[in-house]
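Contents: one structure, followed by commentary.
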Amino acid sequence: MASISLRGVEKRFGAVEVIPSLDLDIEDHEFVVFVGPSGCGKSTLLRIIAGLEPVSAGELRFAGERANEKSPAQRNVAMVFQDYALYPHMTVYQNMAFGLEMRRMTRAEIDERVRRAARMLEIEPMLGRHPRALSGGQRQRVAMGRAMVRDPSVFLFDEPLSNLDAQLRGQVRTEIKALSQRLRTTMIFVTHDQVEAMTMADRIVVLQRGVIQQVGTPEEVYEQPANRFVAGFIGAPAMNFLPVTQEHGAVRLGNGTALRVDHTRSGPAILGVRPEHFVAAPPGQGLAAELLLVEPLGSDTLVHFMAGEVRCIARVRPETRPQPGQVLHFTVQPDRAHLFDTESGAAMR
Amino acid sequence: MSTSLSSRQRGVLALLSVPAVGFTVLMVAFPVAYTLWLSFRATPLGHASHFIGTANYARLLHSADFWNSIRVSLLLYVLSLAMELVCGTALALLLFRMQRMPAILRSILISPFMVPPVVVGMMFLIILDPTIGVANWVLGWFGIAPSAWLASPMGVIPTIALIDTWQWTPFVALIVLGGLQSLPPSVYEAARIDGAPPHRVFWRITLPLLRPTLVTALILRSVDLLRFFDIIYVTTQGGPLNASNTLNIFTFHIGFELFQFGYASALAVTLTALVFGVVLALNQLRRAVAW
Amino acid sequence: MERDQKSAAARVLIAVLAIIAAALILTPLVWMVLSSFKSSDQVTAYPPSLLFRPTLANYENLARTTSFLAYARNSLIESGGATLLGLLLGIPAAYAASVTRASWPALATLSARMAPGTLFLVPWYLAFRDFNLIGSYTALILTQGVIALPIVIWVLLPVFDAIPRSVLEAAQVDGCGVLRSLWRIGLPLARPGIVIATILSFVFSWNFFLFALVLSDHSTKPLVVAAFNFIGEGSTDWGGLMAAATLITLPPLVLAIAVQRWLVAGLTLGAVKG
């Protein structure tokens, strides 16, 4: 069990600066998800915490103790790799026992731990098999089992679901979440998939180009994105961004349409509206939207339209059965609209 | 991502290479440096050696035997290489056409180059013997006059080239076959759809795509052929009349039969320069034909 | 229909050509083996005798009148020793080079392999003479090790490279240091490659002639040198020579055929995947 803190952590590969300078605190028992587009430094950050990657500058503390010089084993971390990294020449049992053997645990204790973890993950019948004889999902479980038996102070997951098919991914996601609630170990999970981040995290860390954009609960990150990047990255379909001019209690689009919005100031801004926060309005009111494309999802329907120069997506109730070419009218929920600085992209509050 | 190693790991990893590096320095680097040093010295037997500048090199440049050995080496090199590449490519195309190569055929193909060269020499000594050899007997069936083979000053180089071709053609063929198998099949299909007849496909598609593989085979064979030793030493020892006296045989003769270590060192350095020169040139060629 | 006939004819043609090629390759070897079973009259008969009563006399003579077994033992000690040396030095070096992605060790040993043996032979001869090691197993194992080491490194580099980095990192997270990762993960995973490296280094030092020609003496000379000396002994005993040649060829041939699928990749030092 450990809290982790990073202070002024930097990472360079030669001349390339991957992480400029980063501070982050992770609480004991917390499930933290690092999310961001590929190349944002999230995996590097995880590997730094694991001890697989030395930092170029800064300090790393585990449970208050400096850990920069500690090996992964000394940090007592366990890691589930993207490709699972099972030892191909060992059976499932040996794979799970290996880390314990390295810790000079007695045979009896190793056996007890391996069997308990195998039971929990329902992989007991496979203990005698080699990884090559397992399916992708089974390998994934073995990789988790290998981490679990160690009873580590921190669990690290490096995109462990990306090699699974969509259905299995959803299932394992739920299992990991349940596992975290049961084990109550600090967990750090890296993903580029914002759905995984939203569904599993106690707190999400959104990264871009090695810089933390926002740290917060899934609700905070979704409802109060700190900037345009976070707002656009979290949520699918992505938030719509429209250049506007702020007036008192409203914003005006390029084509002259005015929309009522809370918390306005004055001057230009970027209006951010999630697809579900467009509200159908009677003809003649709000934004006239000529539908370019209609995507029925079943539970609701997405409609694409142009607002000035910008292509927008709105989520509408499927019963309305919209058709391409049809003109709908939308206003936005005034309290759910976001305004961002045109220059910096920072949220204006 | 080599920067991900901690300094401690780097240290241990460096230690792991120390024995191999130490061995190579001791057994290769030192000797090479010593040979280089010795090539500038006179080494009279029973006396201390002394510095004589580039006299050894001047001597070899003025030596008819040296120039003969260069001529012999290059002749043997070009002749063997040409035969091995042509026969090897032909054999590879044949093997490529087979749907599945039987394991026994592969075993047969690797046999020649696994036989010790000394044995190859001995084997052909009896086959090509002018009086009892089976080769002349077989040629007699076709009305071809018996040849002296290795005993003929004119015929010895082609004969040795023939022996080397026997030993290494299958090796070249297996390399080229590997190259053929790694070519994208879609290219052939595209050429077929374009209506190219098979021989055009070979000259316009297969051969150009195969060039990097051929250059690799060329480099590997060049290294061995330029320092040709074993078979010649076993069969002719450079004879008859110096007609098969390659640079490596000549160097060995000077060094370990006449014990002129200084001069032999100069010859060995020259031979090495020749080998590395050719390899570097061919390596440039490899870059040029890469696709 | 016509197309089927054409392709069937082509298949037959290909098979016939392949058999001819195989025959051309095999004939000299077959002739060597046949000659080894001929009496001294038959072996020098002209025209050569194709039908003859095989005799084991040449093999019996080899065992009785020469120290063939002692030479075989020498070959075994020297090639085995060189192979062991190559493995002991080469495995850790190849592993380190693979993990650190360093290319210079491979290139250094490659140039050692490309250089002609005569380049090292004079200093070796002088040094071993000074240490009184001419004709010693030590000298022969050390020099043949120069043949074995590059083979081991070049066969194993791609083998170690093929182990996913994440597996080694998983071992690190599980508490393995560099040495333990090599012992518990690297070595077991590289086992097939190590077998090939072992066989290739053994075969190549078994076949290598030049170093032993200069550095061995009557009590340590390996088979290839001993066989060469048989040629010089007065009027050549062709039958005995071919019997010796056959026996010398057997071990490398059998070993090479056992690993034939990986042989070409090994021989081309990774330049070509066979």
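The values are calculated or read from the model by the stated rules, or taken from the named source; none is laboratory data. These figures come from a predicted structure and were not determined experimentally. All Cβ positions, glycine included, derive from the backbone under ideal geometry; neighbour counts span all protein chains shown. For the accessible areas, the whole protein counts, side chains as well, though only heavy atoms, and no ligand, DNA or RNA atoms are used. Shrake-Rupley method; radii C 1.70, N 1.55, O 1.52, S 1.80 Å.
Tabulated values for the structure
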item	result
At most 16 other Cβ within 10 Å, DSSP loop - chymotrypsin sites (Phe, Trp or Tyr not before Pro), region B:121-152	B:Phe142
At least 24 Å along the helix axis (C-alpha) and Kyte average at least 0.5, DSSP helices within chain A	none
Residue-level accessible surface for A:Thr174, protein heavy atoms, 1.4 Å, Å²	90 Å²
Modelled FRET efficiency - R0 51 Å, B:Arg204 with A:Glu124, Cβ distances, 0.05 increments	0.25
Per-pair calculated FRET efficiency, R0 = 41 Å: A:Ala281 and A:Arg184 via Cβ, rounded to 0.05	0.25
Calculated FRET efficiency for the pair A:Asp165/B:Val78, C-beta based, R₀ 60 Å, to 0.05	0.55
Gap separating the Cα centres of region C:205-256 and region A:102-180, nearest whole Å	59 Å
Antiparallel content of DSSP bridges confined to the protein assembly as shown, in %, to 5	75 percent
With all protein chains modelled, accessible area of B:Tyr57 [1.4 Å, Å²]	50 Å²
Fluctuation leader among B:Phe229, B:Phe96, B:Phe256 - chain B, Gaussian network, Cα springs under 10 angstrom	B:Phe256
In region C:72-162, chymotrypsin sites (Phe, Trp or Tyr not before Pro) in a DSSP loop with at most 16 other beta-carbon atoms within 10 Å	C:Phe131
Rounded if a/c under 1.5, otherwise prolate or oblate - region A:223-302, Cα gyration tensor axes	oblate
Total lysine pairs under 26 Å (Cα atoms) in the protein assembly as shown, excluding pairs fewer than 8 apart on one chain	4
Accessible area of A:His263 in the full protein assembly, 1.4 Å probe (Å², nearest 10)	150 Å²
Rounded to the nearest 20 debye, dipole of chain B from Cβ charges on Lys, Arg, Asp, Glu	920 debye
DSSP H segments from chain B that extend 20 Å or more along their own axis, Cα-based, with Kyte-Doolittle mean of 1.0 or above	B:64-97, B:156-182, B:207-226, B:261-289
Under-5 Å amide H pairs with A:Val279, H placed in peptide plane, nonlocal only	A:Thr331, A:Val332, A:Gln333
Gain upon complete extension [B:Leu15, B:Gln181; 0.36 nm per residue less C-alpha separation]	55.7 nm
Simple spin-label estimate for A:Asp28 and C:Leu84 in nanometres, 7 Å along Cα-Cβ	5.6 nm
Helical contribution to [θ] at 222 nm, DSSP H n ≥ 4, -39,500 (n - 2.57), averaged over chain A, rounded to 500	-7500 deg cm²/dmol
Other protein chain Cβ atoms within 10 Å, averaged over every residue that makes up B:246-259	3
Highest-MSF residue in chain B out of B:Ala33, B:Ala268, B:Ala42 [GNM, Cα springs under 10 Å]	B:Ala33
Span per principal axis, largest first, for the Cα atoms of chain C (Å)	78, 73, 31
Tail beyond 23 Å, pair distance distribution of region C:1-145 (Cα, percent)	68 percent
Highest-fluctuation residue, C:Val16, C:Val173, C:Val122 considered, GNM on chain C with Cα pairs under 10 Å	C:Val16
Per residue Cα convex hull volume in Å³ - calculated over chain A	161 Å³
Peptide C:17-30, shielding by other chains (average Cβ, 10 Å cutoff)	6
Cut-off 13 Å, label 7 Å out along Cα→Cβ of A:Ala250, residues of region A:285-329 by amide N	A:285-287
Taking only Cα atoms of the protein assembly as shown, radius of gyration then Dmax in Å	37.1, 120
Number of partner chain Cβ atoms within 10 Å, mean per residue of B:210-223	2
Leading residue at positive end of dipole, region B:64-290 (Cβ point charges), from B:Ala92, B:Leu210, B:Gly239	B:Leu210
Label-to-label distance, nm, for residues given as C:Ala258 and A:Ser344 (7 Å Cα→Cβ offset)	7.3 nm
Loop-located GluC sites (Glu not before Pro) in region A:227-323, at most 15 other Cβ atoms within 10 Å (DSSP)	A:Glu309
Inverse of mean 1/r across different Cα pairs in chain B, Kirkwood, Å	22.5 Å
Kyte-Doolittle mean at least -0.5 and Cα axial length at least 20 Å: DSSP H helices in chain C	C:2-36, C:68-100, C:137-161, C:191-207, C:238-258
